[in-house]
Amino acid sequence: MIAGDTLLVGEGTHLTQGARVVALNVLDGSLKWSHETIDHVESTPVVHQGRVYIGAGDKGGIRCLDLETGELIWHLPGETYQDAETSVVAYGDRVIVGLGVDGHAIVILDAETGELRRWIETEVPVFSPGAVADGKLYIGMGRGDFVNEGEPPAGELWRIDLARAEQDPEYTHDWKVQVSHTILGAVALGERHAYVATRRGQVLAVDRHTGRIAHEWDAHAPIMASPALTEELLYVVTRSGMLYGLDRETFEPVWQFPVGSQPSVHDPGVLSSPVIARGRVYVGTQREGFRAVGEPDQGQIPVWDGELGGPGVGGNPLRTAVPGLGAYAWGWPAGLEGQTDAVVVAAPPAVMGNRLVVPVAMPGVAGIPAGLAALQPMDPRDGAGSPLWMHEDPAGVHHSPAIVGDGDGATVVALTGKAGQDAPRVLLSLAMADGSVRWTTPVGADAPGLLRVTPDLILAGEKADTLAAWSAEGGRLWSRSLGPLRGLSQVEQHRVAAVTDLALTLLDAPTGAVLWTAPVAASDPGFARLDGLRVLVATATGIQAHALTDGAALSGDDWSAPAHAVASAVVMTRDTLAYVSDDRHLIVLRRDNGRLAAAPFGPVFPGLPPMVSGDDLLVTAPDGSILLVDLDGEASPDRVLRATPWADASWVGTPVAPSIFFRTGILTPRAGWGLVSLETGP
């Protein structure tokens, strides 16, 4: 602990007696003062209002020292406050201490005098440092320690209202969550969740208000240290030395890096908690010393990754909750309004900020040529407005375009035509500013509409059975014949998964090298998604999961999805996967293991996937209306999903393609109406 120009550190391991708390000058390393305790000091000193608070092991009790002089201000004996191993929490005029073996308690003390304000007994030892927010203490505990798992293993996370604890002698906690093993590290608090890791390797996000487990991830190795939290990622390091960065909203592993070695007789493994500063992660290890991992983020280039924003995205990359109730706002092209049965817009548009790039499949309807149209709707009362620009192509555009970047500097990428057309087809790149052509390259007449983009790479089906890659400047990098293409995952960590009729293939995206191939019976439409350490793929018998490392099919506790054939794109919320089955039902699965999260819901409109709305879903009813399906509640195969009307769109033409989120509502392609906007009213 550093306070001003003072570095404070405790001495000793578990068997040490007569250890000290030492204060050093951080500028020259000179000793400022030392204070000897009866026992060891494994807890980190805590500085609060000019005082130093420490827990001093089995016998040393709890001590309060003057920061400047080291003079003892008050001391609570270890005979009463047994095994005060954990770091003290200082909050306002209180200090809170957990008591371990033989203590089994959480004690609230007066910071000024050390007077006991409340003693709360626990069933298990308390070794985890607590965290306080809004007057609530979040603290973990369990039977295990850094050496032993505990017999039997058990752990808990509590939330305690500190004010109520002092006022009501019968009160113990607001809620507690029981977990399989001890929580040794501190609790990391986000806006909505408390994050903890267990000695078994479970990483949990617990709703701060309800105590419900919102997300769970298994590191498959013990975690002895505290998690660290940033705006986007949660960092944990296992005892075996693997550092993980998890997306804090989805718990998908974003990256991993080995920082230490496997534990041994002479090496206890990695016990140091990660610390985040200036774009790097810092971890202390036993053998490899102090490690710094990562580079500062220079800013990500935004991407709309083809249809629906990419595999699993569900037309709503930020998972924004659609507010209120929706109603018809406008249709484009203007004046169409059901005067024809023509399908003018056959695929969802691409969105970047307040701009839309709309694929136009059929020429000459309402004076609009086939190709691409860029729109920038401003006020729902004014409709979509006139196109900012149009790119004409006689083959039309029947598949969703992609966008790389934002504003006028962005690039639009699209495949023209559709399989089976006679007209020449191309892959093209346009400037978002004015629609001018940057480059084009021909593709086969039988090419599927598969398209994925990154800031540096473009992947597309060049022929029915051939996947190819181009640079952002249009240079052809590679092509590979794989078999009849059905689906293509997002590009992640330079890898991409391609689905053919009979196989799932993982490739190195920059080179096209095949990393592995696994047999599957793919659905049509196909779907593949890199999801942490798994690859998910849609098949005629449901969603399968394969190990990212070697393609081995996962089963049992790792993955057990029901046999509901996939007949739409698959979308993902934080906790679930959802799609429409061939019998026209909405299927919702648990994202962690593939099991049913609810009973099938239906009937719904065939072939159209749901759209993500926060943690819920919007689905299209058989008559074309839009329903909001509430996913809140405990996942269970018997749970009955409830749906409420969101927008009556039964009169606005037949849906022909999935919906996407835009502004305060959705955009839905409809026969005879073109692109229809359903928005929340003012």
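The values are calculated or read from the model by the stated rules, or taken from the named source; none is laboratory data. If you're wondering where the values come from, they're calculated on a predicted model, not measured in any experiment. No Cβ is skipped: glycine too gets one built from the backbone with ideal geometry, and neighbour counts run over all protein chains shown. Ligands, DNA and RNA are stripped out before the accessible areas are found, and what is left, the full protein with its side chains, is counted by its heavy atoms. Shrake-Rupley method; radii C 1.70, N 1.55, O 1.52, S 1.80 Å.
Please compute the volume of the convex hull spanned by the alpha-carbon atoms of the range 343-382 and report it per residue in Å³.
79 Å³
Calculate, for the chain, the solvent-accessible area per residue in square angstrom, rolling a 1.4 angstrom probe over the heavy atoms of the protein chains.
Per-residue accessible area for the chain comes out at 40 Å².
Which one, Cys64, Leu548, Ser436, is farthest towards the positive end of the dipole of the chain when Lys and Arg carry +1 and Asp and Glu -1 on their Cβ?
In the chain, that residue is Ser436.
Any chance you could list the semi-axes, whole Å, largest first, of the equivalent ellipsoid that the Cα gyration tensor gives for the range 275-345, using √(5λ)?
Over the Cα atoms of the range 275-345, the semi-axes work out to 50, 14, 11 Å.
Largest first and to the nearest Å, give the Cα extent of the range 126-203 along each principal axis.
37, 29, 16
Can you check what the Kirkwood hydrodynamic radius comes to for the range 504-648, Cα pairs only, in Å to one decimal?
15.6 Å
Inverting the mean 1/r over all pairs of different Cα atoms, compute the Kirkwood radius of the range 84-222 and quote it in Å.
For the range 84-222, inverting the mean 1/r across all distinct Cα pairs yields 14.9 Å.
For every other residue with a beta carbon closer than 13 angstrom to the beta carbon of Glu149, add +1 if it is Lys or Arg and -1 if Asp or Glu, then tell me the sum.
Here the charged neighbours net out to +2.
Express the C-alpha Rg of the range 551-628 as a ratio against the empirical globular expectation 2.2 N^0.38 Å, rounded to two decimals.
Ratio of Cα Rg to 2.2 N^0.38 Å: 1.09.
So, R0 is 35 Å and r is the distance between the beta-carbons of Ala540 and Arg642; what FRET efficiency does that work out to, to 0.05?
Here the calculated transfer efficiency is 0.75.
Give, rounded to the nearest 20 debye, the magnitude of the charge dipole that the chain has about its Cα centre when Lys and Arg contribute +1 at Cβ and Asp and Glu contribute -1 at Cβ.
Roughly 1320 debye, rounded to the nearest 20.
Based only on Cα atoms, what Rg/Rh ratio does the range 594-676 have, Rh being taken as Kirkwood's radius?
Radius of gyration relative to Kirkwood radius: 0.99.
Do me a favour and compute the ellipsoid semi-axes for the range 467-570 from its Cα gyration tensor, root of five times each eigenvalue, largest one first, whole Å.
The three semi-axes for the range 467-570 are 24, 15, 11 Å.
Averaging over all projection directions, find the projected area of the Cα convex hull of the range 1-96 and quote it in nm² with one decimal place.
The Cα convex hull of the range 1-96, projected and averaged over all directions, gives 5.5 nm².
Counting only Cα, what are the radius of gyration and maximum Cα-Cα distance Dmax of the range 67-106, in Å?
11.6, 33
Step through the residues of the range 487-504 one at a time and calculate ³J(HN,Hα) from phi using the Karplus curve (6.51 cos²θ - 1.76 cosθ + 1.60, θ = phi - 60°), rounding each to whole Hz and writing x for Gly and Pro.
Each residue of the range 487-504 in turn: x, 8, 6, 6, 8, 9, 6, 6, 10, 9, 10, 10, 10, 10, 3, 10, 8, 10 Hz.
Once amide H atoms are placed 1.01 Å from N in the peptide plane, what residues at a sequence separation of 5 or more from Ala597, or on another chain, have their amide H within under 5 Å of its amide H?
Val588, Leu589, Arg590
Using the Cα atoms of the range 54-149, I'd like the radius of gyration and the largest Cα-Cα distance, Dmax, both in angstrom.
12.9, 40
Only bridges whose two residues both fall in the chain count here: according to DSSP, what percent of them are antiparallel, nearest 5?
100 percent
Lys/Arg Cβ at +1, Asp/Glu Cβ at -1, dipole of the chain taken about the Cα centre: which of Val206, Trp332, Ala221 is farthest positive-ward?
Result: Trp332, furthest along the dipole toward the positive end.
Each label point is 7 Å from the Cα along the Cα-to-Cβ direction; what then is the distance between the points at Glu191 and Thr113, in nm?
4.2 nm
Which percent of Cα pairs goes in each bin when the distances of the range 161-220 are cut into 10 angstrom slices starting at zero?
Cα pair-distance distribution for the range 161-220, in percent: 21, 46, 26, 6, 0.
Averaging sequence separations of C-alpha pairs under 8 Å and six or more residues apart, then dividing by the length of the chain, give the relative contact order as a whole percent.
7 percent
Using only the Cα atoms, what convex hull volume per residue in Å³ does the range 361-510 have?
Residue-normalised Cα hull volume stands at 122 Å³.
Inverting the mean 1/r over all pairs of different Cα atoms, compute the Kirkwood radius of the range 314-364 and quote it in Å.
13.5 Å
With unit charges on the beta carbons (Lys and Arg positive, Asp and Glu negative) and the dipole taken about the Cα centre of the range 5-117, which residue among Leu76, Ile96, Leu8 sits farthest to the positive side?
The one lying farthest along the dipole's positive direction is Ile96.
What percentages, rounded to whole numbers, describe P(r) for the range 218-259 computed over all alpha carbon pairs with 5 Å bin width beginning at zero?
Calculated P(r), rounded to whole percents: 6, 26, 35, 24, 8, 0.
Can you list, bin by bin at 10 Å, the percent of alpha carbon pairs in the chain, starting at 0?
Histogram of Cα-Cα distances, whole percents per bin: 3, 14, 21, 21, 15, 12, 9, 4, 1, 0.
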